[in-house]
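Novice: Sharing a structure, written as structure tokens. Questions coming.
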Amino acid sequence: MTRKQLFEQIKLKSSYLCIGLDTDKSKIPDHLKKFDDPIFEFNRQIIEATHEYCIAYKPNLAFYEANGPAGLISLQKTMTVIPTGLFTIADAKRGDIGNTSEMYAKAFFEYYNFDAITVAPYMGKDSVTPFLNFKDKWVILLALTSNAGSMDFQLAEVDSRQPKEKLFEHVIHHSQKWADENQLMYVVGATHPEFFSDIRAIAKNNFLLVPGVGAQGGNLAEISKAGMNDECGLLVNLSRNILYASDGEDFAEAAANEAKKIQQEMKVLLENRIGSSK
């Protein structure tokens, strides 16, 4: 999916909602346990109920790998029921020496056929390039994450530019030598709203994948105002608020209601921003 196609989907659905499929076997409703593959069945019903309100799904690989080979089968089956036209993100946070990254890229881009993968930049260019070598696929580079521990390293100042910049700013600046906004996105947590304007000054046209709204305390309106550009430029991820809106047999309906509520808020925010740019 190209950047233009992604923006067309955003306009079509009046939404920039990404639903994280962080499916925890211990949290899914009890009535699903009778299925041979309860994780897949949960995902299938969630996708069926919510796909009209979102533009992307983001399975978190840890929640599938924790179940061994059966979990990866659940992931593979889940990919087959995501409707055509929706953006798919492997939240895998991979990144290793070149030949290892190449194998990761083959796994997620060729075998599972994801559109994008989250990648850790710590090992530098040669650990990221193998992912960028795949045509029409996206790298979503970790820049400023939503967890409390992000302050341990990501806000540290470095001497790479004058005046000094923070490490996450250095990651964004430097990585733009590797690819442009048609292949490179950044993870920026909604728990750091004070940095969104600064990030937009560096990465004017790149899409930002934004976790941390909802359960982690991020505010949708605040980060949308600071982070949206003329092509929206945001994919805002919600997981727990939608997936576990109910633990009963109405879980899919409750998820749909929650997704619709978010989409309706996004519609207003989009109209305010995109409308003002015309």
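The values are calculated or read from the model by the stated rules, or taken from the named source; none is laboratory data. Since we're looking at a predicted model, the values are computed, not measured. When we count neighbours, we look across all protein chains shown, and the Cβ atoms used for this are built from the backbone with ideal geometry, even at glycine. Please note that ligands, DNA and RNA were not included when accessible areas were found on the heavy atoms of the full protein model with its side chains. Shrake-Rupley method; radii C 1.70, N 1.55, O 1.52, S 1.80 Å.
Novice: Could you list, in sequence order, the residues of the stretch 34-67 that are part of a loop (DSSP other than H, G, I, E, B), surrounded by fewer than 20 Cβ atoms within 10 Å (Cβ to Cβ) and touching a helix residue (DSSP H, G or I) at 6+ places or on another chain (Cβ under 6 Å)?
Specialist: Result: F35, D37.
Novice: List the number of the failed condition for G71; all other conditions in (1) open to solvent by 40 Å² or more (accessible area, probe 1.4 Å); (2) out of contact with any Pro (no Cβ under 6 Å at 6 or more places or on another chain) hold.
Specialist: (1)
Novice: Quick check on my filter: what residues within the stretch 213-239 are on the phi > 0 side of the Ramachandran plot and open to solvent by 20 Å² or more (accessible area, probe 1.4 Å)?
Specialist: G214, G217
Novice: Shifting gears a bit: Can you tell me how many residues within the stretch 150-209 are farther than 18 Å from G233 by Cα and open to solvent by 50 Å² or more (accessible area, probe 1.4 Å)?
Specialist: Qualifying residue count for the region: 16.
Novice: Sticking with this one: Being of a type in the set (F, W, Y), farther than 24 Å from E102 by Cα and in contact with a strand residue (DSSP E or B) (Cβ under 9 Å, 6 or more places away or on another chain) narrows it down to one residue among F207, F196; which is it?
Specialist: Among F207, F196, only F196 is of a type in the set (F, W, Y), farther than 24 Å from E102 by Cα and in contact with a strand residue (DSSP E or B) (Cβ under 9 Å, 6 or more places away or on another chain).
Novice: Would you mind telling me which numbered condition in (1) over 22 Å from I117 (Cβ atoms); (2) in contact with a Gly (Cβ under 8 Å, 6 or more places away or on another chain) L238 fails?
Specialist: Only one criterion in (1) over 22 Å from I117 (Cβ atoms); (2) in contact with a Gly (Cβ under 8 Å, 6 or more places away or on another chain) is unmet by L238, namely (1).
Novice: Here's another thing I want to ask about it. Cβ-Cβ distance below 8 Å, separation of 6 or more or different chains: which pairs start in the stretch 94-120 with a residue that is at positive phi and surrounded by fewer than 16 Cβ atoms within 10 Å (Cβ to Cβ) and end on one that is modelled with pLDDT under 95 and in a loop (DSSP other than H, G, I, E, B)?
Specialist: none
Novice: Another question about this same structure. P83 fails exactly one of the following numbered conditions: (1) in a helix (DSSP H, G or I); (2) open to solvent by 30 Å² or more (accessible area, probe 1.4 Å). What is the number of that condition?
Specialist: (1)
Novice: Also: Would you check if A92 is touching a helix residue (DSSP H, G or I) at 6+ places or on another chain (Cβ under 7 Å) and under 14 Å from F114 (Cα atoms)?
Specialist: So A92 fits the description; yes.
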